[in-house]
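The structure appears right after this line, and notes come after that.
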Amino acid sequence: MPMPRPGGSLEHPLDEADLHALREAADWFARLQDAGPDSALRRQWESWLHAADAHARAWEWMMLVSGKMAGLKSAAGAPVSTLLRGNKARGRRRALGAGLALLFCGGAAAPMVFRSLPLRVWMATHHAPTGSIERIVLADGSTLWLDTDSAVNVRLGAAARRLELVQGRIFIETAPDRERPARPFEVTSALGVLRPLGTRFCARMDEGGLDVAVFDGAVDCRPSGAETAGRIVPAGSAATLGRGGVASLRPASRAMQAWIDGVLVAEDVPLGAFIRELSRYRKGGVHCHPAAAGYRLVGSFPSGDVDATLAAIARTLPVRIERGGRERIEVVPAG
């Protein structure tokens, strides 16, 4: 499944499977308008709805845009909204109505409109907005942390417990499965599959690949489409999955765990790199002047208070904070 470009821009492509699910949702919507509450057609629709998470997300989105969710009933007489599981993102999707109309009207520009929007993020089971870190306890007892502007799809099925990392960074503390036989736990992405072996670990997707840092237990990392074999990453180690395989192990950074507590750790890193990380927590971002980017920074800073972090940096390094129009903030040399 194609993976959207990371970074939170409006350039995350929607793959063919998602587009197909949206078209199917539109087709079912049209066909159900004249179907009775006990019709075979309505039961077929319910089977389609439950066959895949993409179907449920596409249908909920269709209902939100059409404004029909409150009135449409399932074959059992229950509101459709009770059949749609685990999606709290209703408010985030209101702005997508105009684009949805283009797709369902069959306009030639529709695929371009949809592929230019971050639909995979908006339609995800869970999405943490910019500046937020969210902690979610899953139905199997595992705990998931979502970093700022990150998104995942969660599917706890009969055969497997599966999370799809759509964008950004997550931290997972897996719980023993209460089902018998126990279902394997997987984190999937376009770059590979992670199979935790009783563990606490972090996964982050960016331009450089899929970074994995393990803090308890171990994670079996399996690259997608790679000729090289996977690798077991033990506790205290980190690795990066790319198109060519799994890179050599390195020590896990404290920064890959501290963020779940709202702390950004700088372990003698260039200021420019730290500001890029801090920028993820602020709408409008934070910029660093090239002349200041090479300063080295050490310390721990609050991700939830960008202004306090910038003030602390200005007290530590020979820099000052410039604020311009449209809420632009830039870190520049003090001189």
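Go through the residues of the stretch 313-327 one by one and say whether even a single one is more than 14 Å from ILE275 (Cα to Cα), in contact (Cβ under 8 Å) with a residue 24 or more places away in the chain and not assigned by TED's automatic domain parsing to the domain that holds ASP147. Yes, that holds for at least one residue.
Assuming LEU210 fulfils every condition listed in (1) outside any strand (DSSP E or B); (2) under 19 Å from the mean Cα position of the chain (by Cα) apart from one, which condition is it? Failed condition: (1).
Any chance the stretch 175-187 includes a residue that's basic (Lys, Arg) and within 15 Å of the chain's Cα centre (by Cα)? Checking the stretch 175-187: not a single residue is basic (Lys, Arg) and within 15 Å of the chain's Cα centre (by Cα). Residue pairs whose Cβ atoms lie under 8 Å apart, sitting 6 or more positions apart in sequence or on different chains, and linking a residue in the stretch 143-162 that is assigned by TED's automatic domain parsing to the domain that holds LEU278 to a partner that is charged (D, E, K, R) and modelled with pLDDT of 90 or more, do not occur here.
For first residues located in the stretch 256-272 and more than 16 Å from SER132 (Cα to Cα) and surrounded by fewer than 16 Cβ atoms within 10 Å (Cβ to Cβ), partners that are of a type outside the set (S, T, N, Q) and at pLDDT below 95 and lie 6+ apart or on another chain with Cβ distances below 7 Å form the pairs GLU267/ARG254; GLU267/ALA255. Checked across the stretch 250-269, the condition of being outside the structural domain of SER132 (by TED's automatic domain parsing), in a strand (DSSP E or B) and of a type in the set (D, E, K, R) holds for at least one residue.
Kindly provide the set of residues from the stretch 213-232 that are buried (at least 21 other Cβ atoms within 10 Å of the Cβ) and in contact with a Cys (Cβ under 6 Å, 6 or more places away or on another chain), ordered by number. Answer for the stretch 213-232, where residues must be buried (at least 21 other Cβ atoms within 10 Å of the Cβ) and in contact with a Cys (Cβ under 6 Å, 6 or more places away or on another chain): just ALA213.
Which one is nearest to HIS20 (Cα to Cα) among residues in the stretch 94-147 that are at pLDDT below 50 and of a type in the set (D, E, K, R)?
At the first step, the residues of the stretch 94-147 found to be at pLDDT below 50 are 94-117.
With of a type in the set (D, E, K, R) added as a condition, the list becomes 94, 115.
Details: ARG94: 21, ARG115: 13 Å.
Among those that are at pLDDT below 50 and of a type in the set (D, E, K, R), it is ARG115.
The residues on offer are LEU241, LEU249, LEU271, and the sole one that is of a type outside the set (Gly, Ala, Ser), within 24 Å of GLU327 (Cα to Cα) and in contact with a strand residue (DSSP E or B) (Cβ under 8 Å, 6 or more places away or on another chain) is LEU271. For the stretch 186-198, does any single residue satisfy the condition of being assigned by TED's automatic domain parsing to the domain that holds GLY131, modelled with pLDDT under 95 and farther than 25 Å from GLY244 by Cβ? Yes.
Only a single item in (1) under 28 Å from PRO129 (Cβ atoms); (2) free of Cβ contacts under 8 Å to residues at least 24 places away in the same chain; (3) of a type in the set (Gly, Ala, Ser); (4) surrounded by 14 or more Cβ atoms within 10 Å (Cβ to Cβ) is not met by SER300, and it is number (2).
For the stretch 189-199, which positions are surrounded by fewer than 20 Cβ atoms within 10 Å (Cβ to Cβ) and free of Cβ contacts under 8 Å to residues at least 40 places away in the same chain?
VAL193, ARG195, LEU197, GLY198
Tell me the residue from ARG178, ARG183 that is surrounded by fewer than 17 Cβ atoms within 10 Å (Cβ to Cβ) and outside any strand (DSSP E or B), please. Residue meeting the stated conditions: ARG178.
The values are calculated or read from the model by the stated rules, or taken from the named source; none is laboratory data. A quick note: this is a predicted structure, and the numbers were derived from the prediction, not measured. Note that we place each Cβ from the backbone using ideal geometry, even for glycine, and neighbour counts take in every protein chain shown.
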